[in-house]
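The values are calculated or read from the model by the stated rules, or taken from the named source; none is laboratory data. The structure presented is a predicted model; accordingly, all values stated were derived computationally and were not measured. All Cβ positions, even for glycine, are placed from backbone atoms using ideal geometry, and neighbour counts span all protein chains on display. Note: areas computed on protein heavy atoms with side chains; ligands, DNA, RNA excluded. Shrake-Rupley method; radii C 1.70, N 1.55, O 1.52, S 1.80 Å.
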Amino acid sequence: MSLDVSPKLLAEAEHGDIREADFVDTVRASLPYAYNLIADLATELSDSTQEFTDNQTPPPSEQERGQLLRALASDAIRGSLERHFGVALAFQNCHRVAAFRPGALGGETYARFTSVRAQVLNQSPEFRDC
């Protein structure tokens, strides 16, 4: 299980919609490495004039790598984090996450980062099992 959902949040979900802020709190507590990495990228982006910021440092362990993969593989988690931090996320390999300004979607830099060419160029043998 990727999220440690409280009994209260589970009960709320069983009876209808839940507050997205409560879901994001669950993500923060359950996937702290992924949450903090995305928070740091969003802060770095907001403090700059760059089109995007990205992480190129591998996670310190497989546990943290798993958190990142779970956060970005889930549409609900990824979308909630994007809305919470006001960014658009892009993901190239088992750790290269980028935060873009939402207006960059569809732009040249975003298209280049998410292209199949960029994906191929961003590979190396040590990523084969990640």
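Computed quantities for the displayed model
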| read-out | value |
| --- | --- |
| Pairs with Cβ under 7 Å, 6+ apart, first in region 1-14 and under 14 Å from Ala71 (Cβ atoms), second open to solvent by 40 Å² or more (accessible area, probe 1.4 Å) and not hydrophobic (A, V, I, L, M, F, W, C) | Ser2/Arg70 |
| Filtered residue count, region 47-59, keeping only those that are more than 12 Å from Arg96 (Cβ to Cβ) and in contact (Cβ under 8 Å) with a residue 12 or more places away in the chain | 1 |
| Meets criteria (open to solvent by less than 70 Å² (accessible area, probe 1.4 Å) and either in contact (Cβ under 8 Å) with a residue 12 or more places away in the chain or more than 10 Å from the chain's Cα centre (by Cα) (or both)) for Leu105 | no |
| Test: residue in region 21-32 that is open to solvent by less than 50 Å² (accessible area, probe 1.4 Å), modelled with pLDDT of 95 or more, under 22 Å from Ala98 (Cβ atoms) and among the aromatic types (Phe, Trp, Tyr) | no |
| Enumerated helices (runs of 4 or more DSSP H) restricted to region 23-123, each holding at least 3 residues that are on the phi > 0 side of the Ramachandran plot | none |
| Asp4 being surrounded by fewer than 13 Cβ atoms within 10 Å (Cβ to Cβ), under 21 Å from Ser74 (Cβ atoms), of a type outside the set (A, V, I, L, M, F, W, C) and touching a helix residue (DSSP H, G or I) at 6+ places or on another chain (Cβ under 8 Å) | yes |
| Residue within region 29-46 that is more than 13 Å from Val87 (Cα to Cα) and touching a His at 6+ places or on another chain (Cβ under 7 Å) present | no |
| Of all residues making up region 88-109, the number that are under 20 Å from Thr57 (Cα atoms) and not basic (Lys, Arg) | 12 |
| Any hit, region 38-60, residues being in contact with a Ser or Thr (Cβ under 6 Å, 6 or more places away or on another chain), modelled with pLDDT of 95 or more and open to solvent by 70 Å² or more (accessible area, probe 1.4 Å) | yes |
